[in-house]
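Everything below concerns the one structure shown next.
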Amino acid sequence: MKLPNFPKPIARFVSTLPSWPASRAFVAAGNLVAWPSLRDLDWSHVAGRRFRVQVSDLGLKLYFSVHANGFRALHNGLADVTFTATAQDFARLALRLEDPDTLFFNRRLLIEGDTDLGLTVKNMLDAVELETAAAGMPGGMGRVVMKLRHLALK
Amino acid sequence: MPALLELICPAGSLPALKAAVDNGANGVYLGLKDNTNARNFAGLNFDAKSLAVGIRYAHDKGVKVLMALNTYPQPATLPRWHQAVDIAATTGLDAIILADPGLMAYARKTHPNLRLHLSVQGSATSYEAVNFYRERFGIQRAVLPRVLSLPQVENVVNNTDVEIELFGFGGLCVMVEGRCLLSSYACGDSPNTFGACSPGHAVRWQQTPKGMETRLNGVLIDRYADNEKAGYPTLCKGRFDVQGETYYALEEPTSLNSMEMLPEMARLGIAAIKIEGRQRSPAYVAQVTQVWRAAIDAVKKAPQTFKPNPAWMAQLNKVSEGSMSTLGAYYRPWK
């Protein structure tokens, strides 16, 4: 099964959102869902660096940094490293269905700015076990994530 | 029974190791989190804890664990390389993959029971070289550089007792493995001592109106139009202006895929097939291991009628650099 593309009306709506509230919403979700399985990683080389995630098909730009106590939203501005891909490709990366190098070769993922920082984060996230991360998610979300991955692998 | 076509897969992290084991690898190879191995990228590789978990996971399923210690120690930091050899010997690893003769001598003397493999970085292309490492250091397997044609491989195999491992799939070097100075020239860090070709700190990608530009230490090495596939940011795969014409002057971004040579490799008694890619994610390891497991099983069952399944080849091309692959030097009429 392929993961579906974002429905066009929703994409149009999302593209009108300003960055700050979107970054805050993203960070809140990240802290709730992902942070429990990421808090034990050594973030010392990454703390305080500014990340920008550009969801190209939604026209969405998310700004945030990572600290010892979780993600923090940032106002628009300069980023140390920027990742650009579609919503679907970001989802496929998060579900471990796709390898970032593969997406890069196919020009579906762009990493601009501090490449070393981008690679560091990519490698740190790769070292997290998806099952463990899913087990740490609240309210049965982990089961949904593993189910999605399972369906997409078929 | 001697090893035949063992599938050796890359692991840059614990999830990648598990992906290799779960999808049918016979062995995984990994490195420590420092420049004792040639994939020294931030956040990648194993520390003592993940190594112990990884070894247990692999051994529980009968899969071997090999450690790459394939860079060249420098005098000031030699104890770290020795320590890495000691770690390998005391944690139950099945073999270490070495390039430096000094390190081989240390391993041989200090841990005589530790199995030694000669790394591709050792750049041994003749049976004389391979046998030298056997006589002096007791190596039991050699990974041959991707510069030999299969008849040349056969000549090595026929004149040595050392097991021979060949690259099956993955990133392709510019054919002077272990002796390449291109990254060193551009970045100031030699892959053989720093442990990485085109290290992240030297790489910059930028989307510009003319296309996506790749710079290595400030030098423009390629510019991709929107519809063009990309490759790794290495000098050997850059496009350069040569007498007024801009083209891939050294090699195109492409990956090695030797799958159609598998029957020939089985006939030669090749001990193992290596998959490149410790820098890549668990998804790649799972996809590539699965395909090669199926192919090796098929060739062992019916070598005469073996043909690579088009779906396997499509899957491998998808994850390849530049989305294409080559037989490299294995098949070429010239010597």
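Selection of region B:230-253 for residues being surrounded by fewer than 17 Cβ atoms within 10 Å (Cβ to Cβ) and not in a strand (DSSP E or B) yields B:Gln243, B:Gly244, B:Ala249, B:Leu250, B:Glu252. Checking each residue in region A:30-65 for being surrounded by fewer than 13 Cβ atoms within 10 Å (Cβ to Cβ) and of a type in the set (A, V, I, L, M) picks out only A:Ala47. Output the residues belonging to region B:199-237 that are farther than 17 Å from A:Phe105 by Cβ and hydroxyl-bearing (Ser, Thr, Tyr). Correct list: B:Thr208 only.
For region B:1-117, give me every one of the strands (runs of 3 or more DSSP E) that falls completely inside it and has 2 or more residues that are among the β-branched types (Val, Ile, Thr) and in contact with a helix residue (DSSP H, G or I) (Cβ under 9 Å, 6 or more places away or on another chain). Talk me through it step by step, then tell me what you get.
Working: elements: B:6-10, B:27-30, B:64-69, B:95-98.
Answer list for region B:1-117: B:95-98.
Quickly run through region B:180-231 and pick out the residues that are aliphatic (A, V, I, L, M) and within 13 Å of chain A (Cβ to nearest Cβ). Walk me through it before giving the result.
So the first thing to find is which residues in region B:180-231 are aliphatic (A, V, I, L, M), and the list is B:181-182, B:186, B:196, B:202-203, B:212, B:216, B:219-221, B:225, B:230.
Residues satisfying the conditions are B:Ala196, B:Ala202, B:Val203, B:Met212, B:Leu216, B:Ala225, B:Ala230.
Look at region B:5-23: where a residue is more than 8 Å from chain A (Cβ to nearest Cβ) and a partner is part of a helix (DSSP H, G or I) and among the charged types (D, E, K, R), sitting 6+ places away or on another chain with Cβ atoms under 8 Å, you get B:Leu5/B:Lys300; B:Leu7/B:Arg293; B:Asn23/B:Arg293. Tell me, yes or no, whether region A:57-64 has at least one residue that is out of contact with any Ser or Thr (no Cβ under 9 Å at 6 or more places or on another chain) and either at pLDDT below 95 or of a type in the set (Gly, Ala, Ser) (or both). No, there is no match, as no residue in region A:57-64 is out of contact with any Ser or Thr (no Cβ under 9 Å at 6 or more places or on another chain) and either at pLDDT below 95 or of a type in the set (Gly, Ala, Ser) (or both).
Check whether at least one residue in region B:143-152 is in contact with a Phe, Trp or Tyr (Cβ under 7 Å, 6 or more places away or on another chain) and either farther than 17 Å from B:Met261 by Cα or surrounded by fewer than 16 Cβ atoms within 10 Å (Cβ to Cβ) (or both), and report yes or no.
Filtering region B:143-152 for residues in contact with a Phe, Trp or Tyr (Cβ under 7 Å, 6 or more places away or on another chain) gives B:146, B:149-150.
When the remaining residues are screened for being either farther than 17 Å from B:Met261 by Cα or surrounded by fewer than 16 Cβ atoms within 10 Å (Cβ to Cβ) (or both), the result is none.
Looking through region B:143-152, none of the residues is in contact with a Phe, Trp or Tyr (Cβ under 7 Å, 6 or more places away or on another chain) and either farther than 17 Å from B:Met261 by Cα or surrounded by fewer than 16 Cβ atoms within 10 Å (Cβ to Cβ) (or both).
Let's see how each residue does on (1) in contact (Cβ under 8 Å) with a residue 40 or more places away in the chain; (2) more than 14 Å from every other protein chain (Cβ to nearest Cβ); (3) crowded, with 18+ Cβ neighbours inside 10 Å:
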residue: B:Ser255; (1), (2), (3): yes, no, yes
residue: B:Ser258; (1), (2), (3): yes, yes, yes
residue: B:Leu262; (1), (2), (3): yes, yes, yes
residue: B:Arg267; (1), (2), (3): no, yes, no
residue: B:Arg278; (1), (2), (3): yes, no, yes
residue: B:Ser281; (1), (2), (3): yes, no, yes
residue: B:Pro303; (1), (2), (3): yes, yes, no
residue: B:Gln315; (1), (2), (3): no, no, no
residue: B:Tyr330; (1), (2), (3): yes, yes, yes
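Among residues of region B:167-192 that are crowded, with 20+ Cβ neighbours inside 10 Å, those with a Cβ under 7 angstrom from a residue that is among the aromatic types (Phe, Trp, Tyr) and not in a loop (DSSP other than H, G, I, E, B), sequence gap 6+ or separate chain, pair up as B:Gly168/B:Trp292; B:Phe169/B:Trp292. Against the test of being within 12 Å of chain A (Cβ to nearest Cβ) and more than 21 Å from A:Leu119 (Cβ to Cβ), the options B:Val28, B:Val53, B:Val63 yield a single qualifying residue, B:Val53.
Summed over region A:1-28, residues that are surrounded by 12 or more Cβ atoms within 10 Å (Cβ to Cβ) and assigned to a helix (DSSP H, G or I) total 13. Only residues that are out of contact with any Lys or Arg (no Cβ under 8 Å at 6 or more places or on another chain) and closer than 20 Å to B:Lys229 by Cβ were counted in region A:82-102, giving 4.
Could you check region A:56-85 and list, in sequence order, the residues that are closer than 18 Å to B:Trp205 by Cα and either out of contact with any strand residue (DSSP E or B) (no Cβ under 7 Å at 6 or more places or on another chain) or not acidic (Asp, Glu) (or both)? Let's see the steps before the verdict.
Our first condition is that a residue be closer than 18 Å to B:Trp205 by Cα; within region A:56-85, this holds for A:56, A:78-85.
Selection gives A:Ser56, A:Leu78, A:Ala79, A:Val81, A:Thr82, A:Phe83, A:Thr84, A:Ala85.
Can you name the residue in region B:193-210 that is in contact (Cβ under 8 Å) with a residue 24 or more places away in the chain and hydroxyl-bearing (Ser, Thr, Tyr) and, of all such residues, is surrounded by the fewest Cβ atoms within 10 Å (Cβ to Cβ)? So that I can check it myself, show each step before the final result.
Taking region B:193-210 first, the residues in contact (Cβ under 8 Å) with a residue 24 or more places away in the chain are B:193-200, B:203, B:205.
Filter once more, keeping what is hydroxyl-bearing (Ser, Thr, Tyr): B:193, B:198.
Details: B:Thr193: 14, B:Ser198: 24.
Across region B:193-210, the extreme among qualifying residues is B:Thr193.
When B:Lys33, B:Lys109, B:Lys61 are checked against the criterion of being surrounded by fewer than 23 Cβ atoms within 10 Å (Cβ to Cβ), without any contact (Cβ under 8 Å) to a residue 60 or more places away in the chain and in contact with an Asp or Glu (Cβ under 6 Å, 6 or more places away or on another chain), a single residue qualifies: B:Lys33.
I need a count of the residues in region B:237-246 that are more than 14 Å from chain A (Cβ to nearest Cβ) and under 16 Å from B:Met324 (Cβ atoms). If you could, list the steps in order and put the result at the bottom.
Taking region B:237-246 and keeping what is more than 14 Å from chain A (Cβ to nearest Cβ), we get B:238-246.
After this cut, where a residue has to be under 16 Å from B:Met324 (Cβ atoms) as well, the list is B:239.
Result for region B:237-246: 1.
For region A:106-132, residues that are out of contact with any strand residue (DSSP E or B) (no Cβ under 9 Å at 6 or more places or on another chain), facing chain B (nearest Cβ under 8 Å) and either under 23 Å from B:Gln206 (Cα atoms) or assigned to a helix (DSSP H, G or I) (or both) total 6.
The values are calculated or read from the model by the stated rules, or taken from the named source; none is laboratory data. A quick note: this is a predicted structure, and the numbers were derived from the prediction, not measured. A quick note on method: Cβ atoms are made from the backbone with ideal geometry, for glycine too, and the neighbour counts reach across all protein chains shown.
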